[in-house]
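Trainee: Supplied in structure tokens, the structure appears directly below.
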Amino acid sequence: MDFEQKSSVILQTSTPSAAAPAKEPSPAKEAHPDLESLLAALEQERIAALAYFLWQQRGCPEGSPEEDWFQAQQHIRESR
């Protein structure tokens with residue numbers, strides 16, 4: 001056996017990856033984002049949809065998006 005063959009055998013038997021395959025992350029953890037960030041995103045989406053509805057109900061006036069956003073945000077958070 002020459003030097004390259006010996007070193008190859010030694011490396012194969014002494015490295016942890018050769019002894020046991022590396023564990024891969026759980027597919028469930030990769031598939032589901034953080035629950036809190038998901039809930040926050042859903043709440044923002046609900047607020048945006050309600051704010052848009054309120055804006056339309058008011059006749060789509062220019063220059064007052066904060067008013068509708070605040071009212072929608074307050075309504076969504078109170079209804080929890």
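Coordinate-derived values only; no laboratory data. Because the structure is a prediction, the values reported are computed rather than measured. With ideal geometry, Cβ positions are generated from the backbone for all residues, glycine too; neighbour counts draw on all protein chains shown.
Trainee: So for each of 56-63, 69-76 I average, over its residues, the number of other beta carbons within 10 Å; can you give me the resulting order with the highest mean first?
Mentor: Ranking the peptides 56-63, 69-76 by packing returns 69-76, 56-63.
Trainee: Contact order normalised by length for segment 34-80, with contacts defined as Cα pairs under 8 Å and 6 or more residues apart; what percent is it?
Mentor: 43 percent
Trainee: Can you pull the percent of Cα pairs in segment 34-80 with separation above 11 Å?
Mentor: Of all Cα-Cα distances in segment 34-80, 65 percent exceed 11 Å.
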